[in-house]
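Working notes, structure below.
The values are calculated or read from the model by the stated rules, or taken from the named source; none is laboratory data. All values derive from a computational prediction rather than experimental measurement. Quick reminder, even Gly has a Cβ in these numbers, built from the backbone with ideal geometry, and neighbours come from all protein chains shown. Areas reflect the complete protein model, heavy atoms only, side chains present, ligands, DNA and RNA absent. Shrake-Rupley method; radii C 1.70, N 1.55, O 1.52, S 1.80 Å.
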Amino acid sequence: MKKNSVRILALLLAALLALSACGGKDTTTQPGGDAPAGNEPAGEPGQPGQPDNGGEAITDFVTFALQTAEMETFLILNSESQFDLNVLCNAYAPLLEVDAKGKLIPAVAREWGTEDGGLTWTFKLRDDVVWVDVNGNEKAKCVARDWLTALEWILNFHKNSAENTSMPSALIAGAEEYYEMTKAMDAAEAMALSVESGPFLETVGIEAPDDYTLIYHCAKNAPYFDTLCVSACMYPLSQGLVDELGVENVLSMNNKNMWYSGPYTITDFQMNNSKTLTKNPAYWDTNCSLFDTVTILMLEDGNQDDTLFQTGEVDHTSLSESNLRTIYDDPNNKFHNNLVQSRIDKYSYQIFFNFAKRNADGTMDENWNKAAANEAFRKSLYYGMDLTNYWYRTDIIDPASCENLAFTMKGLLYYSDGSDYVEHVWDKLGYPDGTGRYDAEKGKQYKEQAIKELTAKGVTFPVEMDYYIKAGDQNALDTGVVLKEILESLGTDYISVNLKEFVSSSSKEVYTPGLHSILIRNWGADYGDPENFLGQMLYGVDSAWHSNTSTHINDAADPDLIATYQEFTRMAQDAAEIYDDMDARYDAHVDAEAYLIDHVLAIPLYYKTGWELTRINNYTKMYAMYGIQNYTYKNIQTSAEPYTTAQYEQLLADFNAQ
């Protein structure tokens, strides 16, 4: 093994444990109070804390994004794009925030809760939050009515199109009705509506009985509603800003004329070049630490950050595979002992089967569809694929750290005892340590069973499996070749993988017409509940995204497969009806998720990791598997000296001990 690999492996093992240390979430009244206490006196936010590795804390932080990820709007309500939201989460103050372990904590709402199982949610707000202009001059108090103004804007079709409407429409009483009402209106009539004038208050389940009390009335019991508070659909908008700019100009506002309530103002914006965030001296959380400035450099390609880190021009870099190899393979490289693994991203990647595959002429591919419908065939893949080489495409240092055994995401939510929901799924499936699905002998047994059962149904072997990649994408081709080798290792007399190409749109050219046999897709949480994941796999439900765009299960014909899907759907829907006992709700979802996986309606494939050089302690950053706040530059510990692998081991140990 390479020098330093033992230390790196220890780091990885610690990283896998880090997400399981978070406390559970109560759906009754949450504690009030300020943000976690710091060392700064009241007055304005302080400087970043002193690092533990002997370096000096960074006061002017420099990060990066690609030019292809440039912002398109400054109104947080009008975007569902991470390119906008990764910046705008710093400009607006939300009701709630998340900490470094993904736990909801007070922000503008000092306390919150529900007393009727999630039908009604009450938020008690701070009275010291203000809106300021780009120079930090106070414009207005931030009050409960700002959330009413924001929701009216979101649900008004002619003001906001359909951006950020899905979750409010599904969960807030009357929201969908108001949206449809405005959509049917003349544009000028709808644009003239506001909270003060029009049918909004009589239609939508939201109220502000006073300046610092905000109440939402849900359309159904939603014990997870508070997790939406860190999504863009639940951020505020001041009517004062709307009046100042004119309703017709709000969408086109810029960094100079917008109002701010968050930790930073955007004092400089140069399209495709850079943007500068400057500490807001009027920010409500006077106990937090902020950078004086955050500069975001816009780069032409994804390799520039590696060079800029090595010249000291950015404070972290996500290493490209080639640069990672160069550093890792050379023990004498200046940065060899500074390699640290990124925290796992918030997506769970799966292999999905198309149960109603079509040929190019539109006819059904009966041979594939019969094979995919056979549970023994699916289980032969589930157990028989050794995915190590596939994971290696993501993590060349420790591919096993990518192993995924669940449909949901690690760190999504926690039981009342602090245990990770996904750990319960592992236990149910018989993998208590989250590893070890590959079983060549089981794969062989299910292969023999599948051949016997499918031959009796007229299936011919090898079964042809069509997997599509983007034309001209060498990385996609290389990864596709690895997947082909893994699948065909079960026997080329059993499976033959055809690598096919699409030109520009996989959805339009392949997945919508149903030409694929399998596809790889991920899902990231919209809110903190397993319903959001499992709900995408329901049978006969129009809103189930994977069922309608990935698996095409509603067009399948095999009665046994349909019965299995229907049973999973019943289990998942029954679990979603439990709202008065969160542990019981999670237990029921665990049963449904384990059923989905045990019957191989999808195959968990991997979690995505990466490797960095960094001056950031990633275990001090906001970190949740849902919402938009992970890029908020608040309470982040940094060091002018790059962290070493050994130092990160200690940071992780300290993190887990909290």
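General remarks:
- Rounded to the nearest 20 debye, the dipole magnitude of segment 96-151 is 40 debye, with +1 charges on Lys and Arg beta carbons, -1 on Asp and Glu beta carbons, and the Cα centre as origin.
- Per residue, in Å², the accessible surface of the chain once ligands and nucleic acids are set aside, probe 1.4 Å: 38
- Cα gyration tensor of segment 491-532 - equivalent ellipsoid semi-axes, whole Å, descending: 28, 18, 8
- Accessible area of M185 (1.4 Å probe, protein heavy atoms only, ligands and nucleic acids ignored): about 40 Å².
- Placing +1 on the Cβ of every Lys and Arg and -1 on the Cβ of every Asp and Glu, with nothing else charged, gives segment 45-124 a dipole about its Cα centre of roughly 220 debye.
- Highest-first arrangement of 399-405, 437-443, where packing means the average Cβ count within 10 Å: 399-405, 437-443
- Cβ-placed point charges (K, R +1; D, E -1), dipole of the chain about Cα centre in debye, nearest 20: 1420
- Using alpha-carbon coordinates, inclination of helix 645-657 to the longest axis of the chain, degrees: 80
- Heavy-atom accessible area with a 1.4 Å probe sorts K428, K470, largest first, into K428, K470.
- Counted charge near V143, where neighbours are those whose Cβ lies closer than 11 Å (Asp, Glu -1; Lys, Arg +1): -1
- For segment 396-533, the carbon plus sulfur part of the accessible surface works out to 49%, probe radius 1.4 Å.
- Distance between modelled label sites at S166 and N249, nm, 7 Å Cα→Cβ extension: 3.4
- Computed over segment 201-254, Kirkwood Rh from alpha-carbon pairs, angstrom: 13.7
- Mean separation of Cα contacts under 8 Å (6+ apart) over length of segment 591-639, as relative contact order %: 28
- Under the criterion of Cα pairs below 8 Å and six or more residues apart, the relative contact order for the chain equals 22 percent.
- With each label modelled as a point 7 angstrom along the Cα→C-beta vector, the D210-Y431 pair spans 5.3 nm.
- Given a 1.4 Å probe and the protein chains as shown, V134 ends up with an accessible area of around 10 Å².
- For the Cα trace of segment 517-576, dividing Rg by the Kirkwood Rh returns an Rg/Rh value of 0.96.
- Positive-pole candidate from Y179, V143, N156, dipole of segment 137-180, charges at beta carbon: V143
- Overall form of segment 448-548 per C-alpha gyration tensor (a/c, 1.5; a/b vs b/c): oblate
- Of the residues A440, L601, L561, the one whose Cα sits farthest toward the positive end of the charge dipole of the chain, with +1 on the Cβ of Lys and Arg and -1 on the Cβ of Asp and Glu, is A440.
- Environment charge at A440 (Cβ cut-off 12 Å; Lys +1, Arg +1, Asp -1, Glu -1): +1
- Packing-based order for 142-151, 649-658, 628-637, 416-425, using average beta carbon neighbours within 10 Å, highest first: 142-151, 628-637, 416-425, 649-658
- Cα-based shape type of the chain, given that a ≥ b ≥ c are square roots of the gyration tensor eigenvalues and the cut on a/c is 1.5: oblate
- Protection proxy ranking, highest mean first, for peptides 452-461, 239-248: 239-248, 452-461, where packing is the per-residue count of other beta-carbon atoms within 10 Å, averaged.
- Percentage relative contact order, segment 54-175, counting C-alpha pairs under 8 Å, at least six apart: 16
- Local charge for K256 was computed over the other residues whose Cβ lies under 14 Å away, with Lys and Arg +1 and Asp and Glu -1, and equals -1.
- Residue order for D127, D558 - accessible surface, 1.4 angstrom probe, largest first: D127, D558
- log10 of Debye I(q)/I(0), alpha-carbon scatterers only, for segment 211-291 at 0.26 Å⁻¹: -1.28
- Global geometry of segment 389-435, whether rounded, prolate or oblate, following the gyration tensor of its Cα atoms and the 1.5 cut on a/c: prolate
- In segment 184-284, a dipole from Cβ-located charges (positive for Lys and Arg, negative for Asp and Glu) runs towards its positive end, and of L245, Y235, H217 it is Y235 whose Cα lies farthest in that direction.
- By DSSP, the beta bridges lying fully in the chain are antiparallel in about 75 percent of cases.
- Each helix, a run of at least 4 DSSP H residues, gives -39500 (n - 2.57); summed and divided by the residues of the chain, these come to -9000 deg cm²/dmol at 222 nm.
- Cα-based helix-to-principal-axis angle, 5-18 vs the chain, degrees rounded to 10: 70
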